[in-house]
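Peer 1: Before anything else, here's the structure in question.
The values are calculated or read from the model by the stated rules, or taken from the named source; none is laboratory data. Source: prediction; values computed, not measured. Here the Cβ positions follow ideal geometry from the backbone for every residue, glycine too, while neighbour counts run over all protein chains shown. Please note that ligands, DNA and RNA were not included when accessible areas were found on the heavy atoms of the full protein model with its side chains. Shrake-Rupley method; radii C 1.70, N 1.55, O 1.52, S 1.80 Å.
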Amino acid sequence: AFTYIHSRDQSDTDTGSNLANIRSFTEDEFGESVPTVSDSYGAEFSYELSDALVIGGWGGLSQVTTLSDLSGEIDRGTLSVWNWAISLAVLDLGKEGNLGGLVIGAEPWVADSSIDLGEDEMSLHLEAFYQYRLSDNPAITPGIVWITAPDNSNVADDLVIGAIRTTFTF
């Protein structure tokens, strides 16, 4: 599948680095959100390799233009914000209805900027999970997420996050 989104003042995704969320970043740093226009492009796929194995992934680019210099606080310009991931799922792992999965990707990061807001490095998101179906309705999914270089900065220590999700299907 392919996606295209054109938006005004909706460039932030609340994921990825602070700079990839330029409106929130400028609000935190300067007390005012910079107005933006963005054009976002995406490509997504999912392919069943066999009855038990599915590979998927996505990639995206947002071209964000800042429409103000916030009275000289920042340069007016553009940001190229990228994200991507590859996923692998094993269906019916352990018993029918269960699912094991791996996700490797990059949360949104500023790869190029004309306003002198570059990032040290690209943060990686590595995730493993196992969805255990308790019955036809509820499923519990323990998982672990490892984020390298949080906020795309080599200053921050890596994060390791344990998670337990519960899904109710009706």
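Peer 1: Going by average Cβ neighbours within 10 Å, how do the peptides 152-158, 129-135, 18-24 rank, with the highest at the top?
Peer 2: Numbers: 152-158: 13.0, 129-135: 15.0, 18-24: 21.0.
My ranking of the peptides, most packed first, is 18-24, 129-135, 152-158.
Peer 1: What value, in deg cm²/dmol to 500, does the helix sum -39500 (n - 2.57) over DSSP H runs of n ≥ 4 give at 222 nm once divided by the residues of the chain?
Peer 2: Numbers: 1 runs with 9 residues, N = 170.
For the chain, the value works out to -1500 deg cm²/dmol.
Peer 1: I've got another one for you. Write down the accessible area per residue of segment 12-170 in Å², having rolled a 1.4 Å probe over the full set of protein chains.
Peer 2: On the way: 8890 Å² over 159 residues.
Roughly 56 Å² per residue, with all protein chains present.
Peer 1: What is the percent carbon and sulfur in the accessible area of segment 127-170, measuring with a 1.4 Å probe over the protein chains and ignoring ligands?
Peer 2: Details: 1830 of 2900 Å².
So the carbon and sulfur contribution to the accessible surface is 63 percent.
Peer 1: Limiting things to C-alpha atoms, what are the Rg and the maximum Cα-Cα separation (Dmax) for the chain, in angstroms?
Peer 2: Here Rg and the maximum Cα pair distance are 18.9, 61 Å.
Peer 1: Using a 1.4 angstrom probe with every protein chain in place, what is the largest-first accessible-area order of F170, F45? Working shown, then result.
Peer 2: Values: F170 210, F45 100 Å².
Highest to lowest solvent-accessible surface, that is F170, F45.
Peer 1: So how strong a dipole does the chain carry about its Cα centre when Lys and Arg Cβ are +1 and Asp and Glu Cβ are -1, to the nearest 20 debye?
Peer 2: Working: 6 positive and 27 negative charges, 149 e Å.
Rounded to the nearest 20 debye, it is 720 debye.
Peer 1: Out of the total accessible area of segment 59-100 (probe 1.4 Å, heavy atoms of protein only), what percent is carbon and sulfur?
Peer 2: Details: 1110 of 2120 Å².
Roughly 52 percent, rounded to a whole number.
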